[in-house]
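Below is one structure, written out as structure tokens; comments come after it.
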Amino acid sequence: QEQLVESGGGLVQPGGSLRLSCAASGITFSIYDMGWYRQAPGKQRELVARITSGGNTNYADSVKGRFTISRDNAKNTVNLEMSGLKPEDTAVYYCNANFRILNYWGQGTQVTVSS
């Protein structure tokens, strides 16, 4: 059974850092493009960062230079290192796995940036 499980969310002060992790199971992880999305209250889900099966990355303009996505195919994990966090980064963060028509989501992890 395909499953994505996120961890690492929490409450952090502005300017702080967090590391999100997503553990995948039930899929051939290495062939999937992996992404982190977020959804703030009252807003649409948006792409934060994406890493392809080949290791190419792209980021939303709002997080460039602050967030870094990485993957470990040996451990079937994808991570999102977040620094310089701002209140507007507050959202539920979701892990996504995509290969052609196959698309899976995690349950999400809450990130709250507040003093």
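The values are calculated or read from the model by the stated rules, or taken from the named source; none is laboratory data. Only a predicted model underlies this, so the values are computations on that prediction, with no experimental measurement involved. Positions of Cβ are backbone-derived with ideal geometry, glycine not excepted, and every protein chain shown enters the neighbour counts. Surface areas here come from the heavy atoms of the whole protein model, side chains and all, with no ligands, DNA or RNA. Shrake-Rupley method; radii C 1.70, N 1.55, O 1.52, S 1.80 Å.
So here's what we get for this one:
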{"read-out": "Residue in the stretch 10-27 that is exposed (fewer than 13 other Cβ atoms within 10 Å of the Cβ), without any contact (Cβ under 8 Å) to a residue 60 or more places away in the chain and part of a loop (DSSP other than H, G, I, E, B) present", "value": "yes"}
{"read-out": "Residue that is surrounded by the fewest Cβ atoms within 10 Å (Cβ to Cβ), among those in the stretch 28-45 that are more than 16 Å from Val111 (Cβ to Cβ) and in contact with a Phe, Trp or Tyr (Cβ under 6 Å, 6 or more places away or on another chain)", "value": "Ile31"}
{"read-out": "Unmet criterion (only one of (1) under 20 Å from Gly10 (Cβ atoms); (2) touching a strand residue (DSSP E or B) at 6+ places or on another chain (Cβ under 9 Å); (3) open to solvent by 40 Å² or more (accessible area, probe 1.4 Å); (4) not in a strand (DSSP E or B)) for Val63", "value": "(3)"}
{"read-out": "Top-ranked residue in the stretch 68-101 [being assigned to a strand (DSSP E or B) and free of Cβ contacts under 8 Å to residues at least 24 places away in the same chain; ranked as surrounded by the fewest Cβ atoms within 10 Å (Cβ to Cβ)]", "value": "Asp72"}
{"read-out": "The stretch 46-57, residues that are open to solvent by less than 60 Å² (accessible area, probe 1.4 Å) and either assigned to a strand (DSSP E or B) or aromatic (Phe, Trp, Tyr) (or both)", "value": "Leu47, Val48, Ala49, Ile51"}
